[in-house]
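The values are calculated or read from the model by the stated rules, or taken from the named source; none is laboratory data. Source: prediction; values computed, not measured. So basically every Cβ, Gly included, is an ideal-geometry build from the backbone, and we count neighbours across all protein chains shown.
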Amino acid sequence: MVYEMPEVSEVAVVGRPDPTWGERPVAVVVLRAGASLDYPALEAHCRTRLARFKMPKELHVVDALPRNPSGKVLKRVLRDRFRTET
């Protein structure tokens with residue numbers, strides 16, 4: 001659903017440890033050239049398309065998603081990167 005936003009070029013959603021819920025979804029986004037995106041816009045977009053517990057609770061904008069040699073997104077790298085960041 002996040003990938004449907006016109007500002008988004010690529011997206012990966014990973015879980016981040018949460019003391020109350022176990023994990024919470026975190027959206028890691030690569031933006032299209034010249035685009036900008038903030039969390040309130042992401043939240044408004046997702047609110048009509050996703051169940052509340054599936055909505056990303058954080059937004060992180062990156063230059064590129066980490067990939068293996070065959071092009072698959074390395075979600076474990078993203079989980080490790082955002083495990084303790086705020």
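Per-structure values
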read-out: In the stretch 28-70, the residues that are more than 10 Å from the chain's Cα centre (by Cα) and charged (D, E, K, R); value: ARG32, ASP38, GLU43, ARG47, ARG49, ARG52, LYS54, ASP63, ARG67
read-out: Hits in the stretch 72-85 - residues which are part of a loop (DSSP other than H, G, I, E, B), under 14 Å from the mean Cα position of the chain (by Cα) and under 25 Å from GLU43 (Cβ atoms); value: ARG83, GLU85
read-out: Residue within the stretch 15-27 that is out of contact with any Asp or Glu (no Cβ under 7 Å at 6 or more places or on another chain), surrounded by fewer than 13 Cβ atoms within 10 Å (Cβ to Cβ), modelled with pLDDT of 95 or more and not hydroxyl-bearing (Ser, Thr, Tyr) present; value: no
read-out: Selection within the stretch 11-36 - closer than 16 Å to MET55 by Cα and not β-branched (Val, Ile, Thr); value: ALA12, GLY15, ARG16, PRO17, ASP18, TRP21, GLY22, GLU23, ARG24, PRO25, ALA27
read-out: Any pair with Cβ under 6 angstrom, 6 or more apart, that starts in the stretch 40-67 at a residue that is under 18 Å from ARG79 (Cα atoms) and ends at one that is β-branched (Val, Ile, Thr) and not in a strand (DSSP E or B); value: PRO66/VAL77
read-out: Matching residues, the stretch 39-80, being basic (Lys, Arg) and out of contact with any Leu (no Cβ under 7 Å at 6 or more places or on another chain); value: ARG47, ARG49, ARG52, LYS54, LYS57, LYS72, LYS75, ARG76, ARG79
